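The values are calculated or read from the model by the stated rules, or taken from the named source; none is laboratory data. In this text the structure is predicted, and so the values were computed from the model without any measurement. Cβ: placed from backbone, ideal geometry, glycine included. Neighbour counts: every protein chain shown.
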Amino acid sequence: MAHAVAEEPTLHMGMPLPNGKLAMWLFLVTEIMFFTALVGTYLLLRNGQPTARQPWPTPHDVHLAEWAGAGNTLVLICSSLCVVLAHWYLHEHNVRKATQMIGLTLALGCIFLGVKAWEYSQKFSHGILPGRVYEKLDGETGYRYIRDIKERLEHIVAGHGHANEKALAASKQLLEDLPGMTAQQVNERVAGTKYVETKPIDLPRRASTQDKITGILEMDPSLHLPYSIPYGNLWASCYFALTGFHALHVLGGLVIFTVILVMAALSRFGPQHEGLIENVGLYWHFVDIVWVFLFPFLYLV
Amino acid sequence: MTESHAAAHAGPRFKDYMRTFYALMFLTVASYVVYVTMGHGLGAAGIILVLAIIKSSLIITIFMHLYFDWKKVYGIIIPVMILCVMSTMIFLVDQVMVWRHVGDTATEQLQAPRH
């Protein structure tokens, strides 16, 4: 009787894949829903503006470097290849090569986060943060804008801003002219007529001069002078929410890769962990896919 | 473990990974070139999004082995895809409503001289 039972084929409940992989796929589908909601909300906010004629900030307006985003995409793609090769080498029982590939993935992930940190620092230094961007320059906001510009101009004129000669002279002149000027006029002197004319939100009350003014920032774009960016706060909220959550996912992946490297250092990592590497790889590729969409949505389109 | 090995045997070969990698690099550079040459227009946006969809499809099918694992996980993925499409449609409806109700009237209101 016992012999007969032993010969019966073993039946498995559930899907024909390892439990770990099933759990990872279930986790990934929840992540797909999470990022779909985030990206969908971003697209809705971006395209659901009151009018199509009031433009969403361009990458230049918000100091967004497209080349940095493209570079980060290439870095993540390289890291995806490294994970997949780590899985390949582990399958071939080449633990040393697999460990090297995991180390390389960790390094590439760190480069990605480093570039992201640099991009964030650019936003912080230019005051492009949710709730900190000057949009409409009327009332209390206009008063705060003038006060902020005055402090920054004094800083530049004192020689701390490393402004070029032309921008320094324009800054001195603006500081002298500041009393009696409206916030819109100051904004035009800072950003230039060419920029202000692309922002119709300020058209009714911008400086009434017929002359084209070259802005201080056009003379020296490296200076940290704030200017009116319509929808800048909304842009900053979307940018930091999307890239912040993505960066947290990258950080999570890096923690797992570090744990694997520690296991390897303790000689506790081997071909028996092929399933683990495959599952971590699934997670890492998903993080890569999210960035494949975030990059065009935030930087290019 | 045996199951995992069997799945890995049925998976892509080394050169498949490398080809996918080269394709992904090329498509990334291509999307950047499209942006530089065509700018922010609707045509450029369409091309860039199509390239992004191709890139994600390559990662999903080859790097994530979905080409080989599809029969095992389609039960999980298909419902989520349906939900994603539905959410997108809901967002789109909302946008169309915004355009219909606000449209140019708000532009005129905003750009009219204030008294």
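Just the residues that are over 19 Å from the mean Cα position of the chain (by Cα) and among the charged types (D, E, K, R), please, taken from region A:272-301.
Here is the first cut: in region A:272-301, the residues over 19 Å from the mean Cα position of the chain (by Cα) are A:272-283.
A:E274, A:E278 - these are the residues of region A:272-301 that are over 19 Å from the mean Cα position of the chain (by Cα) and among the charged types (D, E, K, R).
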- prompt: Do we find a residue being surrounded by fewer than 13 Cβ atoms within 10 Å (Cβ to Cβ) and over 22 Å from the mean Cα position of the chain (by Cα) anywhere in region A:94-109?
  reply: yes
- prompt: When only residues in region A:279-301 that are at the interface with chain B (Cβ under 7 Å from one of its Cβ atoms) and in a helix (DSSP H, G or I) count, which is surrounded by the most Cβ atoms within 10 Å (Cβ to Cβ)?
  reply: A:D288
Residue list for region A:87-136, filter: in a helix (DSSP H, G or I) and small (G, A, S): A:A98, A:G103, A:A107, A:G109, A:G114, A:A117, A:S121, A:S125
- prompt: Is it fair to say A:V84 is within 12 Å of chain B (Cβ to nearest Cβ), part of a helix (DSSP H, G or I) and either in contact with a Gly (Cβ under 8 Å, 6 or more places away or on another chain) or more than 17 Å from A:I260 (Cβ to Cβ) (or both)?
  reply: yes
statement: Conditions (1) modelled with pLDDT of 90 or more; (2) within 14 Å of another protein chain (Cβ to nearest Cβ); (3) closer than 20 Å to A:H60 by Cβ -> A:A236 fails only (2)
Residue within region A:49-72 that is without any contact (Cβ under 8 Å) to a residue 60 or more places away in the chain, within 7 Å of chain B (Cβ to nearest Cβ), under 27 Å from B:V33 (Cα atoms) and crowded, with 16+ Cβ neighbours inside 10 Å present: no
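If you take the residues of region B:53-88 that are touching a residue at least 24 places away in the same chain (Cβ under 8 Å) and facing another protein chain (nearest Cβ under 9 Å), which of them is farthest from A:D288 (Cα to Cα)?
Initially, region B:53-88 is screened for residues touching a residue at least 24 places away in the same chain (Cβ under 8 Å), giving B:54-55, B:58-59, B:62-63, B:65, B:67-69.
The next check asks that each one be facing another protein chain (nearest Cβ under 9 Å); those that pass are B:55, B:59, B:62-63, B:65, B:69.
Details: B:K55: 10, B:I59: 8, B:I62: 13, B:F63: 11, B:H65: 15, B:D69: 19 Å.
Among those residues, the one meeting the criterion is B:D69.
Restricting region B:10-46 to residues that are of a type in the set (S, T, N, Q) and under 12 Å from A:P296 (Cα atoms), which is surrounded by the fewest Cβ atoms within 10 Å (Cβ to Cβ)?
Taking region B:10-46 first, the residues of a type in the set (S, T, N, Q) are B:20, B:28, B:31, B:37.
Next cut, under 12 Å from A:P296 (Cα atoms) only: B:28, B:31.
Values: B:T28: 21, B:S31: 27.
The extreme case among them is B:T28.
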field: Selection within region A:169-191 - closer than 16 Å to A:R152 by Cβ and in contact (Cβ under 8 Å) with a residue 40 or more places away in the chain
entry: A:A170, A:S171, A:L174, A:A183, A:V186, A:N187, A:V190
